[in-house]
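A short write-up of the structure that comes next.
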Amino acid sequence: MNTDDELILDHRSKSYPLGAAPVRASDIGSRGWNVLADDLPYPLAAIRRSALAHNIAWMQDFAQRKGVALAPHGKTTMSPELFKAQLAGGAWGLTFATIFQLAVGVQAGARRVIIANQVLGDADLDGLAALLAAHADLRVWFLVDSLAQLGMIEQWAKRRGYAGKFDTLVEIGVPGQRTGVRTLEEAVTLARAIAKSAAAQLGGIECYEGGVAKCESEHDAKEVSALVHRVTEAVRACDAQNLFADDTILLTAGGSAVFDLVVPLLRTQGLSRPVQGVLRSGCYVTHDHGNYKRFLQLVEKREGLDESLRPALEVWSMVQSVPEPGLALLTCGRRDISYDIELPMPVKHSVRGTREVCDVPVDWKISALNDQHAYLRFDPAGRVPQVGDRVVLGISHPCTTFDKWRWIPVIEDDGAVSGAISTRF
């Protein structure tokens, strides 16, 4: 990437060397920096290039083997560089949650987009209409789950004199959880109204299965299968009444935890027209060391795989103090790393003044975070971290690490900084 809007890294960028000259993100590799030489200040989020490339290729291959398309959820990274890499890797399109996010994706080159969320406010509908008018090759589908929402869209179109029709998907929800119609009757009633609307047309059906998953394979398979059955019923009922507007029915699902279990829905057969199944997983691109790692271990068992995704995103920190036996304070806190699902976990240790990296002892744990500090607990009778040592932290839920950084260096397995990505949160 080398465009006028490319991020320029300089002293205003967190964890960029204060005395270094500014550099385009795409040119950072020319500096010869290495995280194992302490060339960049801590804390420092970093992405391993080898794991990133593996994950993009692995998920694309998974989708192709299953006969479905992939539209990665962009909210995970909000990184134009990663969007481009996913699209170049074969992604059918991208997924977003807001019109702002959509605009970032369109600028990065996305031309097929699913907004896996409701769109209903005037400003958002104005923005979507403007993007569609500016890009004749752009196709965007968004979710509808109520007659009230549809009414707001139609009222907006009447006030604005909008002559087009927005592409929509009826969302099937889960009782007690997030958005989406709760019953088959509601789904069909809404689909009929969309089919008759002057402001919208029905492209297909959507669901999100991640909310029912508990990382227990038997439970997850049962609950996701029940949701798949409900969505399939809605698809068949809408198809029987000829409510879909396109020659192909769009069926889409898929978070990042149990995406394998919704594949049967995305390959529904026996309808009056072909189905385009689209998987929307997002966190796969960097994976993690905790929550999604545990879920993917179950996917591997269900699919008979030796391995799948690899953790690519990590946060490097330095031991700044060892004030008492069994406690070290690291230069990383809530402003730098995910903690919404679970606390970060130490994964690698590098002794000060060396370029050697080893696994941490099993007794090393992060017990708490402050805004700028992590509390590393360890057995004082075992390996003891020293002031100036580096500790690499793994994460759960990459979304809430990405949004803490305007830029993240891409590193090689030897620690060399070879590139960088920017984020647009």
Inset, instruction - Mind jotting down the three principal axis lengths of the chain based on Cα atoms? Whole angstrom, largest first. - result: 70, 50, 35
Legend entry - Proximal aspartates and glutamates relative to residue 365, as straight alpha-carbon distance under 20 Å, when same-chain residues fewer than 8 apart are discounted: 288, 314, 324, 336, 340, 342, 379, 389
Inset, instruction - Average the reciprocal distances over every distinct pair of alpha-carbons in region 310-425, invert the result, and give the Kirkwood radius in Å. - result: 14.6 Å
Inset, instruction - For region 73-281, just list the percent of Cα-Cα distances falling in each 10 Å bin from zero outward, please. - result: 9, 36, 37, 17, 1, 0
Inset, instruction - Run the numbers on region 73-281 and let me know its relative contact order in percent, using alpha-carbon pairs under 8 Å that are six or more apart. - result: 14 percent
Legend entry - Inter-site label distance for residue 303 and residue 381 at 7 Å from Cα along Cβ, in nm: 4.3 nm
Inset, instruction - Would you please state which residues of region 269-302 a label at residue 248 would reach in this model, taking the label point 7 Å out along Cα→Cβ and a backbone N cut-off of under 18 Å? - result: 269-281
Inset, instruction - Check cross-link reach from residue 222 to the lysines: straight Cα distance under 29 Å, and skip same-chain residues fewer than eight apart. - result: 66, 75, 214, 293, 301
Inset, instruction - Name the helices (complete DSSP H segments) of the chain with a Cα length along the long axis of 27 Å or more and a Kyte-Doolittle mean of at least 0.0, or state none. - result: none
Inset, instruction - Please list, or write none, the lysines whose alpha carbon is within less than 18 Å of the alpha carbon of residue 165, excluding same-chain residues fewer than 8 places away. - result: 196
Inset, instruction - Indicate the gyration tensor shape class of region 287-356 (rounded, prolate or oblate), computed on the Cα atoms with a ≥ b ≥ c the square roots of the eigenvalues: a/c under 1.5 is rounded; otherwise a/b larger than b/c is prolate and the rest oblate. - result: prolate
Legend entry - Inter-label distance, nm, simple model (7 Å from Cα along the C-beta direction), residue 354/residue 159: 6.6 nm
Inset, instruction - Average the reciprocal distances over every distinct pair of alpha-carbons in region 371-413, invert the result, and give the Kirkwood radius in Å. - result: 13.7 Å
Inset, instruction - Would you mind estimating how fast region 91-179 diffuses translationally, via Stokes-Einstein at 37 °C and 0.692 mPa s with the Kirkwood radius over Cα pairs, in µm²/s? - result: 242 µm²/s
Inset, instruction - Determine, at each q value in 0.11, 0.14 (inverse angstroms), the log₁₀ of I(q)/I(0) that the Debye formula gives when each Cα of region 241-395 is one equal point scatterer. - result: -0.58, -0.77
Legend entry - Label-to-label distance, nm, for residues given as residue 418 and residue 37 (7 Å Cα→Cβ offset): 1.6 nm
Legend entry - Low-density loop positions, chymotrypsin sites (Phe, Trp or Tyr not before Pro), region 115-204 - DSSP coil, at most 13 other Cβ in 10 Å: none
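No value in this document is a laboratory result; all are computed from the given coordinates. None of these values were measured; they are calculated from a predicted model. Every residue, glycine among them, receives a Cβ derived from its backbone with ideal geometry; neighbour counts consider all protein chains shown.
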